[in-house]
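A.B. asks: To start, I am sharing the structure in question, which I have written as structure tokens.
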Amino acid sequence: MGKKVNLGRAMAWMTSVLSLSWIAAMTTQVIAATINVNADDSLPAAVQNARSGDVLNLASGGFPGPVYVDGKQLTIRGKGSAETTIQSQGQFAVAILNGGGLVLEGVSLDGQRATDLGIVAQQAAINGSDVVVRGFNAVGMQLSGSFTSSCRACTIDTVSGRAVFIDAGTNAEFSDFAVSNFSGDYAVFLQNGARLSVSGGSMQQINGGGFGVLGAPLTIDNFKANAIATQFILADNGASIELQDMDLSDIRGQVGIQVSQGSRLTLANSAMENINGYAVYGQQAEMLISDSTFSNIRNITIVAQQGQLTVRDSSMSRLAGGIVAENARVDVADNQFLNIGNTSPAIRITDAETVRINDNVLRRVATGFYLNGAARGGWEIKDNVALGATGSPMTLLANPA
């Protein structure tokens, strides 16, 4: 027979072990605290003394900075960006470093035109909501390192240099994002494998460019931009640009959207109006444009040099010129061209790779198609309708070699 087990003694032993384990867990567990910070308290000291997981509730008023979050996770919550302000002192207003994380809600950051940096997250994450960044001389928000950051209902206003700079593999997600009164090269700049998605927002009064993208993916939807001094987007070095539901107007530089050197552009369900130069310019790039409208374009609307151009279900009116493609693969179908200047055809193609021009409607256009040189992959031109100013058929000029 087996040895008899004393159940009472065994139960007592198990109870003592569980009790000791529970006590050990309780002694090592850090309980997050909620800390109220008044306007006459030191915010930098409160942040320094806070433990990871703590929530700092800021009262209305101004709080001298800077805020330095090093390797811990904190929440700083104000009464709203119109009521609670962190006043920058030193080189930055807020810095998150070394794997730290900050949830920042309901505050404004004021650089007072005397500080370089607003928010810096280096190998760290910032998640903002109802945040206004104003009056910085170099960068409003700088994100770097392989972390994911986000900002909802965030505004960057009156910043010189760059409003947002994203680098070194950072993944950023912005919604209801606004930039205004900016002066510098590009308001938002991404490079080195960074990634940015923007859903909803606006950009206006930009004394420079909108987005500069080097070898990085950028996705924007439901966005409005106007009064841009140079380009809305410059994409180079294999960048990937996806734009949807855009409203772009009053772009005053030579190009509205420019993609080159292996970059890719998708533009859908969008409108471009009052563009001083080319609306879209691609060089050694792949461009897909669909369900979009272009009007009051003061130079050629779409230019493709090498690469691939596809334009579908779009409308172009009151233009200096329509589409120009050189040494490219071209597919233009189901579009409407209206009121194009007398000096440029609706579509001009030179030395193409392949050409497909089908089911387009041309009205009040002096010259329909000008096709020059060989299409090495062949031509397909059919079922296009061309009407002159009086509604009579208009001759299509074709001169393929």
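A.B. asks: Closer than 19 Å to SER249 by Cα, at pLDDT 95 or above, touching a strand residue (DSSP E or B) at 6+ places or on another chain (Cβ under 6 Å) and polar (S, T, N, Q) - does that describe any residue in segment 335-344?
C.D. replies: no
A.B. asks: For segment 65-82, enumerate the residues that are aromatic (Phe, Trp, Tyr) and surrounded by 23 or more Cβ atoms within 10 Å (Cβ to Cβ).
C.D. replies: Matches in segment 65-82: none.
A.B. asks: Pairs under 6 Å by beta carbon, first residue over 10 Å from ALA235 (Cα atoms) in segment 255-269, partner surrounded by fewer than 24 Cβ atoms within 10 Å (Cβ to Cβ) and of a type in the set (D, E, K, R), six or more apart or different chains?
C.D. replies: THR266/GLU242; ALA268/ASP291; ASN269/ASP245; ASN269/ASP291
A.B. asks: Could you grab me the full set of residues in segment 236-245 that are over 12 Å from the mean Cα position of the chain (by Cα) and open to solvent by less than 50 Å² (accessible area, probe 1.4 Å)?
C.D. replies: Listed by number, the residues that qualify are ASP236, GLY238, ALA239.
A.B. asks: Also, I was wondering about something else. Looking for whichever is more than 25 Å from SER52 (Cα to Cα), of a type in the set (A, V, I, L, M, F, W, C) and at pLDDT 95 or above here; the options are ILE126, ILE119, ILE156. Which one fits? If you could, list the steps in order and put the result at the bottom.
C.D. replies: Numbers: ILE126 fails: more than 25 Å from SER52 (Cα to Cα); ILE119 fails: more than 25 Å from SER52 (Cα to Cα).
Exactly one residue qualifies, and that residue is ILE156.
A.B. asks: Moving on. Please work out if ALA279 is open to solvent by less than 10 Å² (accessible area, probe 1.4 Å), in contact with a strand residue (DSSP E or B) (Cβ under 6 Å, 6 or more places away or on another chain) and within 18 Å of LYS224 (Cα to Cα).
C.D. replies: Considered against the rule, which asks whether it is open to solvent by less than 10 Å² (accessible area, probe 1.4 Å), in contact with a strand residue (DSSP E or B) (Cβ under 6 Å, 6 or more places away or on another chain) and within 18 Å of LYS224 (Cα to Cα), ALA279 comes out as yes.
A.B. asks: May I ask you to verify whether GLY161 is modelled with pLDDT under 95 and under 24 Å from GLY262 (Cα atoms)? Break it down into steps so the answer makes sense when it comes.
C.D. replies: Details: modelled with pLDDT under 95: yes; under 24 Å from GLY262 (Cα atoms): no.
For GLY161, the condition - modelled with pLDDT under 95 and under 24 Å from GLY262 (Cα atoms) - is not met.
A.B. asks: State whether one or more residues within segment 119-132 are under 27 Å from GLY253 (Cβ atoms) and in contact with a strand residue (DSSP E or B) (Cβ under 7 Å, 6 or more places away or on another chain). First the steps, then the outcome.
C.D. replies: To start, the set of residues in segment 119-132 that are under 27 Å from GLY253 (Cβ atoms) comprises none.
Checking segment 119-132: not a single residue is under 27 Å from GLY253 (Cβ atoms) and in contact with a strand residue (DSSP E or B) (Cβ under 7 Å, 6 or more places away or on another chain).
A.B. asks: Check every one of the strands (runs of 3 or more DSSP E) wholly within segment 227-293 and list those with 2 or more residues that are of a type outside the set (A, V, I, L, M) and either modelled with pLDDT of 95 or more or at positive phi (or both). Can you show your working first?
C.D. replies: Values: elements: 233-236, 240-251, 255-260, 264-268, 271-275, 278-283, 286-290.
The qualifying strands (runs of 3 or more DSSP E) are 240-251, 255-260, 264-268, 271-275, 278-283, 286-290.
A.B. asks: Within segment 83-97, take every residue that is at pLDDT below 95 and more than 20 Å from ALA59 (Cβ to Cβ) and give me the one that is most open to solvent (accessible area, probe 1.4 Å).
C.D. replies: Looking at residues that are at pLDDT below 95 and more than 20 Å from ALA59 (Cβ to Cβ), I get GLN91.
The values are calculated or read from the model by the stated rules, or taken from the named source; none is laboratory data. These numbers come from a predicted model, not from an experiment. So basically every Cβ, Gly included, is an ideal-geometry build from the backbone, and we count neighbours across all protein chains shown. When the accessible area is computed, the model is the full protein with side chains, heavy atoms only, and any ligands, DNA or RNA have been set aside. Shrake-Rupley method; radii C 1.70, N 1.55, O 1.52, S 1.80 Å.
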